[in-house]
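Visitor: I am attaching a structure below and will ask some questions about it afterwards.
Bear in mind these aren't lab numbers, they're just calculated from the coordinates by the rules spelled out. Predicted model only: the values in this text are computed from it and were never measured. Using ideal geometry, Cβ is built from the backbone for each residue, glycine included, and neighbour counts are taken over all protein chains shown.
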Amino acid sequence: MIYALLALAVVAILIVGLYNSVISLKNKCDEAWSDIDTQLKRRYDLIPNIVETVKGYAKHESGTLEKITELRSQAMQSKGVEDKEKSENMLSGALKSLFALAENYPELKANQNFLDLQNKLAEVEDNLQLSRRYYNAVVRDFNTKIQVFPNNLLAQMLGFTSRVFFEAQAGEKENVKVSFKEEEK
């Protein structure tokens, strides 16, 4: 009888320990996602200033500026990792195109406000990349924890499911292609 109680106590301790470690990793995943959201908010706040600065110099590029504004709105409204990932990758590509396009406007490239905004955005992008890496590392640890045996049995019973990685899409891994077309006046 004592051995049965002792074995039951050991199993209970193992289950509690496993549960607590899974909850800890789940909370780290949520925290890491919150860090990404914070960086995205900083990016969203910079974009209108960048667009307004570029408007004054690149009047022929209104289509590009409208597209960035539209993609920003879509990204802000997206929910979930997959949806957010897709919209953020499209926005990143559009911003890269905007800065590549700015090369065609020497006055814009020399504008101190534009340079400051470009530097701030570069800083945000670097922080965002670090946040994505941390998120993906925590997701990897969480997914591994709930997928290995015997953890997978308990995780399945408690409703834990694998998290999705935040990855760059194929288009984001390629160089930005920019073509300069002048609109008719």
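Visitor: Which angle between 0 and 90 degrees, to the nearest 10, do you get for helix 62-77 versus the longest principal axis of the chain when only C-alpha atoms count?
Guide: The helix 62-77 is inclined about 20 degrees to the chain.
Visitor: Once the dipole of the chain is set up with Lys and Arg at +1 and Asp and Glu at -1 on Cβ about the Cα centre, which of L98, A9, Q77 lies farthest towards its positive end?
Guide: A9
Visitor: Taking the simple approach of a point 7 Å from Cα along Cα-to-Cβ for both R140 and L158, what is their distance in nm?
Guide: A separation of 2.3 nm, rounded to one decimal place.
Visitor: Then there's this: Quick check on the exposure proxy: order M90, M1 from fewest to most C-beta atoms within 10 angstrom.
Guide: Taking fewest neighbouring Cβ atoms as first place, the list is M1, M90.
Visitor: Moving on to the next point. From Cα pairs below 8 angstrom and at least 6 apart in sequence, can you work out the relative contact order of the chain, rounded to a whole percent?
Guide: 32
Visitor: With r as the distance between the Cβ atoms of E123 and F149 and R0 = 30 Å, compute the FRET efficiency 1/(1 + (r/R0)^6) and round to 0.05.
Guide: 0.10
Visitor: Does anyone have the angle between helix 2-57 and the longest principal axis of the chain? Alpha-carbon axes, 0 to 90°, nearest 10?
Guide: The angle comes out near 10 degrees.
Visitor: Quick check for me: using +1 on Lys/Arg Cβ and -1 on Asp/Glu Cβ, what's the dipole size of region 87-143 about its Cα centre, in debye to the nearest 20?
Guide: 180
Visitor: Name the residue farthest towards the positive end of the dipole of the chain from the options N49, T144, Q39, assuming +1 on Cβ of Lys and Arg, -1 on Cβ of Asp and Glu, about the Cα centre.
Guide: After comparing all options, I get T144.
Visitor: If one computes the Cα centroid of region 23-99 and of region 114-168, what distance in Å separates the two points?
Guide: 18
Visitor: I would also like to ask the following. Calculate the dipole size of the chain relative to its Cα centre from +1 charges on Lys and Arg beta carbons and -1 charges on Asp and Glu beta carbons; express the result in debye to the nearest 20.
Guide: The dipole magnitude comes to about 480 debye.
Visitor: If the only charges are +1 at each Lys and Arg Cβ and -1 at each Asp and Glu Cβ, what is the size of the charge dipole of region 111-171 around the Cα centre, to the nearest 20 debye?
Guide: Magnitude of the dipole: close to 320 debye.
Visitor: Then there's this: Please report F165, F114, F99, F149 as a ranked list, fewest other C-beta atoms within 10 angstrom at the top and most at the bottom.
Guide: Ordered from fewest to most neighbouring Cβ atoms within 10 Å, F165, F114, F99, F149 come out as F149, F165, F99, F114.
Visitor: Can you give the FRET efficiency for A9 and R133, using 1/(1 + (r/R0)^6), R0 = 45 Å, r = Cβ-Cβ distance, to the nearest 0.05?
Guide: 0.65
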